[in-house]
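Taking it in order: structure first as structure tokens, then the write-up.
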Amino acid sequence: MFVCVCKGITDKDIRQAVDQGDQSIKAIKEKFGVASQCGGCATLAKEIIDDQLIANAQFYQVA
């Protein structure tokens, strides 16, 4: 799903970036330009970052 229509960034792009170490909205903004134009995607992008961080933490606790 597209998160940032202005820049063409998907939830998959954000999740992969989190997995590669970009773990804040600031880092995602610097990497992709998310929330740099209209700003409408900032809240959703932050939610996806948080969800991916939780998923990663749970994965590593089980593994």
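Here segment 6-16 is the region considered, the condition is being in a helix (DSSP H, G or I) and of a type in the set (D, E, K, R), and the residue that is surrounded by the most Cβ atoms within 10 Å (Cβ to Cβ) is ASP13.
So that you can scan it fast, the table gives a plain yes or no per residue for (1) in a loop (DSSP other than H, G, I, E, B); (2) of a type in the set (D, E, K, R); (3) open to solvent by 90 Å² or more (accessible area, probe 1.4 Å); (4) in contact with a helix residue (DSSP H, G or I) (Cβ under 6 Å, 6 or more places away or on another chain):
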site	(1), (2), (3), (4)
VAL18	no, no, no, yes
GLY21	yes, no, no, no
LYS26	no, yes, yes, no
THR43	no, no, yes, no
ILE48	no, no, no, yes
GLN61	no, no, yes, no
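Going by what's in this entry, would VAL34 be described as buried (at least 17 other Cβ atoms within 10 Å of the Cβ) and not in a helix (DSSP H, G or I)? Yes; evaluated as a whole, the condition is true for this residue.
Cβ-Cβ distances below 6 Å connect no pair with a first residue in segment 2-18 that is over 13 Å from ALA55 (Cβ atoms) and of a type in the set (Ser, Thr, Tyr), a second residue that is part of a helix (DSSP H, G or I) and open to solvent by 70 Å² or more (accessible area, probe 1.4 Å), and a separation of six or more residues or different chains.
The values are calculated or read from the model by the stated rules, or taken from the named source; none is laboratory data. Worth saying up front: this structure is predicted, and the values here are computed from it rather than measured. Note: ideal-geometry Cβ built from the backbone for every residue, glycine included; neighbour counts use all protein chains shown. Just so you know, the surface numbers come from the protein's heavy atoms only, side chains and all, with ligands and any DNA or RNA stripped out. Shrake-Rupley method; radii C 1.70, N 1.55, O 1.52, S 1.80 Å.
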